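Engineer: Structure in structure tokens, see below.
The values are calculated or read from the model by the stated rules, or taken from the named source; none is laboratory data. What you are looking at is a predicted structure, and each value in this text was computed from that prediction instead of being measured. Please note: Cβ atoms are built from the backbone with ideal geometry, for glycine as well, and neighbour counts cover all protein chains shown.
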Amino acid sequence: MKHLLLTLAALTLVSVCQSKTVNLELNLSKGKTYTQVSQNNFNMQMEIMGKTIDFNMNVVSRLTFHVLDVQDTVYDIEVRYDSLSMNIKLPNTTQTFNSGTNDTANMASSMLRLLKNRTFRMSLSKRGKVVDVHSLDSIFTSLNDSISGYSEEQKSQMLTQVEHNFGKDEFTTNFESAMGFFPYKPVAIGDKWFNKNTIKTNSLPIITETIYELKEITDSGYHITGVSTVSADKTGSFSGLPVGTNVDLNITGNILSDFNVDLATGWINDSKATTEIHATANIKGGENAKEVNFTFNITGESTCNGN
């Protein structure tokens, strides 16, 4: 009987510990600085007009976030790109752009070098949602005026490519992919919650629907997993297409995520996400325009480390 009572007591204690709820949210300190190092590596196979094109893109960035103020549930944060790089492998060439190089002949690297150490502001909720991004657009406008020795068309094309990877929409998407896992209510180990998000991107406009789960609580942090399904955002659009162009886009896919979150601050310690997306599109420019059909197959891995 004694052993039975001890066993029941132990089981009761485990049950109580497992059912304890926690309020998962950001708890950042005014005046403190936090960092994120993100790496996004994607392989894409595109088939268009009977031709297949394979390419790889690897984008790495290091950012610092300095908390200027806290108002109710919103943080006022100064953000700075500390370093930026892109590596694009095409069938017949490889292009490398890096903010750390002094190669003035590489226009994209020059733009990244000018973007490095420039600051902008963001408003961030305690649930990891970007409320607003301030002044980043004006920084990109100034980059165009700071580059010389190239035609306006060349600068415009390269600025578009750089902005697609480091501009306001991509910054918001990357940040919320890394930090947008916070639940809307207190949760216990084993609890699940749902989040729907429209990814603000200038390439494939997509919607993610994610089920998160609190898997474990340790002395140092929280372990959270996410399973996302991906679909087309029918209200979105491709950038750079002529006015009147119609796009019938269909997307299927999934993203599997794993997060380790600091116990005290809610800031990301590390995360990893694997992505698989299949997309088909039919593009027609007008009544007499030829229809263009193409498919995308995208696989990739994203990591984020912070402190």
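Engineer: Residue 307: over 23 Å from residue 52 (Cβ atoms), touching a Ser or Thr at 6+ places or on another chain (Cβ under 7 Å), at pLDDT below 85 and loosely packed, with under 14 Cβ neighbours inside 10 Å, yes or no? Show your work before the answer.
Structural biologist: On the way: over 23 Å from residue 52 (Cβ atoms): yes; touching a Ser or Thr at 6+ places or on another chain (Cβ under 7 Å): yes; at pLDDT below 85: yes; loosely packed, with under 14 Cβ neighbours inside 10 Å: yes.
Judged against the criteria, residue 307 is a match.
Engineer: One residue is enough: does the stretch 265-277 have a residue meeting the conditions more than 30 Å from residue 28 (Cα to Cα) and at pLDDT 85 or above? Working first, answer last.
Structural biologist: First pass over the stretch 265-277, keeping only residues more than 30 Å from residue 28 (Cα to Cα): 276-277.
Then drop every residue that is not at pLDDT 85 or above, which leaves 276-277.
Yes; the residues of the stretch 265-277 include at least one that is more than 30 Å from residue 28 (Cα to Cα) and at pLDDT 85 or above.
Engineer: Okay, moving on. Taking the residues in the stretch 128-148 that are in contact with a Ser or Thr (Cβ under 8 Å, 6 or more places away or on another chain) and over 29 Å from residue 179 (Cα atoms) as candidates, determine which candidate is surrounded by the most Cβ atoms within 10 Å (Cβ to Cβ). Walk me through it before giving the result.
Structural biologist: If we filter the stretch 128-148 for residues that are in contact with a Ser or Thr (Cβ under 8 Å, 6 or more places away or on another chain), which is where we start, we get 130-134, 144, 147.
Okay, now just the ones that are also over 29 Å from residue 179 (Cα atoms), so 144, 147.
Working: 144: 15, 147: 17.
Here the residue is 147.
Engineer: Confirm whether residue 162 is within 18 Å of the chain's Cα centre (by Cα) and surrounded by 15 or more Cβ atoms within 10 Å (Cβ to Cβ).
Structural biologist: Working: within 18 Å of the chain's Cα centre (by Cα): yes; surrounded by 15 or more Cβ atoms within 10 Å (Cβ to Cβ): yes.
For residue 162, the condition - within 18 Å of the chain's Cα centre (by Cα) and surrounded by 15 or more Cβ atoms within 10 Å (Cβ to Cβ) - is met.
Engineer: Quick check on my filter: what residues within the stretch 72-103 are without any contact (Cβ under 8 Å) to a residue 40 or more places away in the chain, of a type outside the set (D, E, K, R), part of a loop (DSSP other than H, G, I, E, B) and surrounded by fewer than 17 Cβ atoms within 10 Å (Cβ to Cβ)?
Structural biologist: 91, 92, 100, 101, 102
This table checks each residue for (1) in contact with a Lys or Arg (Cβ under 7 Å, 6 or more places away or on another chain); (2) aromatic (Phe, Trp, Tyr).
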position	(1), (2)
42	no, yes
99	yes, no
137	yes, no
142	no, no
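Engineer: Consider the stretch 218-243. How many of its residues are surrounded by 13 or more Cβ atoms within 10 Å (Cβ to Cβ), at pLDDT 75 or above and part of a loop (DSSP other than H, G, I, E, B)?
Structural biologist: Going through the stretch 218-243 one residue at a time, the tally reaches 1.
Engineer: Identify, from the list 94, 101, 35, 64, the residue that is at pLDDT 90 or above and within 19 Å of residue 162 (Cβ to Cβ). Steps first, answer last, please.
Structural biologist: On the way: 101 fails: at pLDDT 90 or above; 35 fails: within 19 Å of residue 162 (Cβ to Cβ); 64 fails: within 19 Å of residue 162 (Cβ to Cβ).
The unique qualifying residue is 94.
Engineer: Output yes when any residue across the stretch 244-253 is more than 17 Å from residue 37 (Cα to Cα), modelled with pLDDT of 85 or more and surrounded by 17 or more Cβ atoms within 10 Å (Cβ to Cβ), and no when none is.
Structural biologist: Within the stretch 244-253, one or more residues are more than 17 Å from residue 37 (Cα to Cα), modelled with pLDDT of 85 or more and surrounded by 17 or more Cβ atoms within 10 Å (Cβ to Cβ).
Engineer: When you check residue 165 against the structure, is it closer than 19 Å to residue 26 by Cβ, among the polar types (S, T, N, Q) and in contact (Cβ under 8 Å) with a residue 40 or more places away in the chain, yes or no?
Structural biologist: Values: closer than 19 Å to residue 26 by Cβ: no; among the polar types (S, T, N, Q): yes; in contact (Cβ under 8 Å) with a residue 40 or more places away in the chain: yes.
When the stated conditions are applied, residue 165 does not pass them.
Engineer: Please tell me if residue 205 is crowded, with 20+ Cβ neighbours inside 10 Å and either more than 18 Å from residue 122 (Cα to Cα) or modelled with pLDDT under 85 (or both). Walk me through it before giving the result.
Structural biologist: Values: crowded, with 20+ Cβ neighbours inside 10 Å: yes; either more than 18 Å from residue 122 (Cα to Cα) or modelled with pLDDT under 85 (or both): yes.
Yes; evaluated as a whole, the condition is true for this residue.
Engineer: Restricting the search to the stretch 33-68, which residues are in contact with a Ser or Thr (Cβ under 6 Å, 6 or more places away or on another chain) and touching a residue at least 40 places away in the same chain (Cβ under 8 Å)?
Structural biologist: Filtering the stretch 33-68 for residues in contact with a Ser or Thr (Cβ under 6 Å, 6 or more places away or on another chain) gives 33, 35, 38-40, 43, 47, 60-62, 64, 66.
Those that are in contact with a Ser or Thr (Cβ under 6 Å, 6 or more places away or on another chain) and touching a residue at least 40 places away in the same chain (Cβ under 8 Å): 35, 38, 39, 40, 43, 47, 61.
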